[in-house]
Amino acid sequence: MDMLSRLIDLSRLQPALDIRCRLEGAFHIDHEATARGSVPFHLVLGGNCRIRTSAGHEVFMQSGDFVLLPRGAAHAIIGTEDAGPATPFKVTHEGMLPLRENAPAETADVDLLCGHFDCAWGSSTLLLDTLPDVFQASLIGAQSEETLKMLVSLLREETAQEQPGARTIVTAMCLALFTMALRSRGAASLGTPGVLPLLTNPRLVKSVMADPAHDWTIDELADLSAMSRATYARQFKESAAMTVGTFLRDLRMMLASDLLLRTRRTVADIAAEIGYESEAAFGKAFKAGKGLTPARFRQQFS
């Protein structure tokens, strides 16, 4: 399994659509900060709008854009024009989703899907914590415009018609679109360190994902990547914004969190599975990273 698929799989992301918005003119819709383990996202089906976070960060969104707030920051959806009185809106129901609108479909400035991902806290950190506070990607850049139009059309159709199985189709498509957004940003983020740029370097990715539980040395990883030790260490840190040791530690903690939540295996068994020689050494490392012992983590978040 490739690195991106593995990280998404470990994060156990469960998408859910909350509401569809068709808006025009001046509007301002507040979204409160979400609880840990709930990650809001927005997908622009057509038109444009802005997102402004409580910290004052603002991004412009247009058709085909996918925006995720990995740390669940409070934010507002606002129109592209500040001038003029706010246009009142109503909330009705259209198909499987509530519909917030102040304009008919043919005149709306933006057609927006709003939702969230529920994720396994502790198993998603390596993926989500390395993303910016506002993660934005254009899906038009990720696929052909024709493919995106087809996906958006299918999303609209499934959410509006409420056919049998529609919710399963829609949630699966949301996860697929998020994956496309990550892949798109990974390919476009050269020069911006993080986990996503690491995806674009097949030699580095292949080495660290070969066997995360193995007690790797830099020399062994460099040999796998056909690089010198110094070149490998430098390129990895420049690409991932962390050392190889930090990445492997975080990946092992991610694997351990998943096993603690998903299975009833003993802590000692999990410690051995992810490459620790003793349960005590694993417990110390896990508590340093998560703030909880493995047993307490399992009890609190299972």
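The values are calculated or read from the model by the stated rules, or taken from the named source; none is laboratory data. Predicted model only: the values in this text are computed from it and were never measured. Reconstructed Cβ throughout: ideal geometry from the backbone, glycine too, with neighbour counts over all protein chains shown. Please note that ligands, DNA and RNA were not included when accessible areas were found on the heavy atoms of the full protein model with its side chains. Shrake-Rupley method; radii C 1.70, N 1.55, O 1.52, S 1.80 Å.
Want the number for Leu154 to Arg71: 0.36 nm per residue separation, take away the alpha-carbon distance, what's left?
This chain segment gains 27.0 nm when fully extended.
If you take the charge dipole of the chain about its Cα centre, with +1 on Lys and Arg Cβ and -1 on Asp and Glu Cβ, which of Val244, Thr34, Val205 is farthest toward its positive end?
Result: Val244.
Calculate, for His214 and Thr92, the FRET efficiency according to 1/(1 + (r/R0)^6) with r their C-beta to C-beta distance and R0 51 Å; round to the nearest 0.05.
0.35
Mind checking Rg over Rh on region 1-79, alpha carbons, Kirkwood formula for Rh?
1.01
Going by Cα centres, region 1-78 and region 88-120 are how many Å apart?
13
For the chain, what is the calculated [θ] at 222 nm in deg cm²/dmol (nearest 500), taking -39500 (n - 2.57) for each run of four or more DSSP H residues and dividing by its residue count?
Calculated mean residue ellipticity at 222 nm is -13500 deg cm²/dmol.
Return one number: the angle in degrees, 0 to 90 and rounded to the nearest 10, between the long axis of the Cα atoms of helix 229-240 and the longest principal axis of the Cα atoms of the chain.
20
Taking amide hydrogens as modeled 1.01 Å from N in the peptide plane, which residues meet the under 5 Å criterion relative to Gly46, leaving out close sequence neighbours?
Gly64, Asp111
Show me, bin by bin at 5 Å from 0, the whole-percent P(r) of region 1-46 based on Cα pairs.
Going from the shortest bin to the longest, the percentages are 4, 13, 19, 21, 15, 13, 8, 5, 2, 0.
How big is the chain by Rg and Dmax over its Cα atoms, in Å?
My reading of the Cα-based Rg and Dmax gives 21.4, 66 Å.
Can you give the accessible area of Asp109, probe radius 1.4 Å, in Å² rounded to 10?
70
Taking the alpha-carbon distance from Lys290 and a cut-off under 24 Å, which lysines remain once sequence neighbours fewer than 8 residues away in the same chain are dropped?
Partners within reach: Lys237.
If amide hydrogens are placed 1.01 Å from N in the peptide plane, which non-local residues have theirs closer than 5 Å to the one on Gly25?
Distant-sequence amide H within range of Gly25: Asp109.
Region 237-302 to region 155-181: how many Å between their Cα centroids?
So the two Cα centres are separated by 33 Å.
Each residue of region 11-27 in turn: what ³J(HN,Hα) in whole Hz from Karplus with 6.51, -1.76, 1.60 and θ = phi - 60°, glycine and Pro shown as x?
6, 6, 6, 10, x, 9, 8, 9, 6, 10, 10, 10, 9, 9, x, 8, 8
Please state, as a whole number in µm²/s, the translational diffusion coefficient that the Stokes-Einstein equation yields for region 35-140 at 10 °C and 1.306 mPa s, with Rh defined as the Kirkwood radius across alpha carbon pairs.
Taking Rh from Cα pairs, D becomes 106 µm²/s.
Can you tally the net charge around Gln235? Count Lys and Arg as +1, Asp and Glu as -1, for every other residue whose Cβ sits under 12 Å from the Cβ of Gln235.
Local net charge: +3.
Can you check how the C-alpha radius of gyration of region 153-269 compares to 2.2 N^0.38 Å, as a plain ratio?
For region 153-269, the normalised Cα radius of gyration comes out at 1.42.
How tilted is helix 244-262 with respect to the longest principal axis of the chain? Cα atoms for both, answer in degrees (0 to 90, nearest 10).
70
Give me the net charge for the shell around Gln163: Cβ to Cβ below 14 angstrom, other residues only, Lys and Arg +1, Asp and Glu -1.
With Lys, Arg at +1 and Asp, Glu at -1, the net is -2.
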